[in-house]
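Below: one structure, written as structure tokens.
Derivation of every value follows stated rules applied to the coordinates shown; laboratory data play no part. Bear in mind that the values here come from a model prediction, so they are computed numbers and not experimental data. A quick note on method: Cβ atoms are made from the backbone with ideal geometry, for glycine too, and the neighbour counts reach across all protein chains shown.
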Amino acid sequence: MRGYLIKRIVVSLIILWIIASLNFVIFQVVSPVSPENTILPPGGGTDESMREARAMLRRLYGLDDPIYVRYVKYVQNMFTWNFGVSFRSMKPVAGDLAWRMSNSILLLGVALVATILVGIPIGIFAASRRGSKLDVGTIGAGLLTWGVPTFFIQLLALLVFSYYAYVTFGFSLFPTRGIYSIPPPADPLTFIADVAWHLALPVATLVVAGFGSWALYTRSVLLETLTQDYIVTARAKGLDERTVLYRHAFRATLPPIVTVVALAVPGIVTGAMITEYLFSLPGIGQWYLTGLLSSDYPVVQAVLFIYALLTIFANLFADIIYGVLDPRIRVGQSGGR
């Protein structure tokens, strides 16, 4: 197990370094953008003042340094979570990143957990009653919610629970923007309730849009497991169906399900760009989209690096859990020794 872990960690670090280098090449070499074109107004000030301002910005962002010096500084910024200075706000990227990421983690973390807690039990329930009306209804509902774009469900929810509710009752059932009221409540419990009220509709729409894929995947892998010989043997021994389903069949499906759960974690960073935009939530997805449209490359590079970091280490975590749950994986990696 030790050799398996060391190999996976080394490979993950090499992949992270390669992705970070490509992130630098794309934005600094292939498609460079000068911050003075983003920050300074076109044609503003005298020629001398503009030249001084441009020179100051180039020194601030190190654009006059040789390419290898800029690369070393970039790597240091990425791996020390400094990330440099934003082109638009001229503030450290790390400062804005921290509070925006906390908002995204709160939104998508709650949505991911809720989606898993709804989708996986429905998939298990449907697989245990294969061919029944409940199974057919689960497949239909899963395919419908999986196929409909998430933004359409969210626009429909905003239309019904905000616009029509305001027209009918004179007030919206749910807020349409922000993560808390302005000014925020002073009482801690009231503040928590206010945040939950603001996140209720976006989280609910994400659960409706995402539970179908989890239910269908769980149903698929569980049905395949239920046809295995050891399941037939367990039933022949007289074990009750609940024991067969949960202690034998579902336990055998845990490795692929854990892998899918781990790979869904990086989506917490950039997976809600449209959701944050529609509900005006100040998260990292909305920040990334704004930075991309305004050529704020330090912001874009920081978000892409964090997304790559989470993806790589989510894969690493999945590999480790897979090796723990299924010893055949680590035996195969070590060449059978």
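Search the structure for amide H atoms under 5 Å from the amide H of VAL85, placed 1.01 Å from N in the peptide plane, and list their residues when 5 or more places away or on another chain.
Close amide H contacts, sequence-distant or interchain: VAL93.
Tell me the net charge near VAL300. Cut-off is 14 Å between Cβ atoms, VAL300 excluded, with +1 for each Lys or Arg and -1 for each Asp or Glu.
0
Taking 0.36 nm per residue of sequence separation and subtracting the Cα-Cα distance, how much length would be gained by fully extending the chain between VAL113 and VAL11, in nm to one decimal?
Once the chain is fully extended between VAL113 and VAL11, it gains 33.8 nm.
Please report, in whole Å³, the volume per residue of the convex hull around the C-alpha atoms of segment 122-163.
Residue-normalised Cα hull volume stands at 72 Å³.
Mind checking the full-extension length gain between PHE151 and TRP81? Use 0.36 nm per residue of separation minus the Cα-Cα distance, one decimal, nm.
Gain on extension, PHE151 to TRP81, equals 22.0 nm.
Arrange the peptides 59-65, 93-99, 119-125 so that the one whose residues have, on average, the most other Cβ atoms within 10 Å appears first.
Ranking the peptides 59-65, 93-99, 119-125 by packing returns 119-125, 93-99, 59-65.
In nanometres, what is the gap between the two model label sites at VAL160 and VAL136, each 7 Å from Cα along Cα-to-Cβ?
It works out to 2.5 nm between the two label points.
Can you bin the chain into rounded, prolate or oblate? Criterion: square roots of the alpha carbon gyration tensor eigenvalues sorted a ≥ b ≥ c, rounded for a/c under 1.5, prolate for a/b above b/c, oblate for the rest.
oblate
Rank by packing, highest mean first: peptides 224-230, 183-189, 291-297, with packing defined as the count of other Cβ atoms within 10 Å averaged across residues.
Ranking the peptides 224-230, 183-189, 291-297 by packing returns 291-297, 224-230, 183-189.
Taking the Cβ of each residue in GLU276, GLU52 as the centre, tally the other Cβ atoms inside 10 Å and list the residues starting with the fewest.
GLU52, GLU276
Applying the Karplus parametrisation 6.51 cos²θ - 1.76 cosθ + 1.60 with θ = phi - 60° to the phi angles of segment 226-232, what ³J(HN,Hα) value in whole Hz is obtained for each residue in order, glycine and proline being reported as x?
Calculated HN-Hα couplings, in order: 5, 8, 6, 5, 5, 6, 4 Hz.
Once R0 is set to 41 Å, what does the formula 1/(1 + (r/R0)^6) return for the Cβ-Cβ distance between PHE191 and LEU292, expressed as a FRET efficiency to the nearest 0.05?
The calculated FRET efficiency here is 0.80.
How are the alpha carbon pair distances in segment 190-262 distributed across 10 Å bins from zero to the largest one, expressed in percent?
Taking every Cα pair in segment 190-262, the percentages come to 17, 32, 23, 17, 9, 2.
Stokes-Einstein D for segment 140-262 at 4 °C, 1.567 mPa s, Kirkwood Rh over Cα pairs, in µm²/s?
Stokes-Einstein gives a translational diffusion coefficient of 72 µm²/s.
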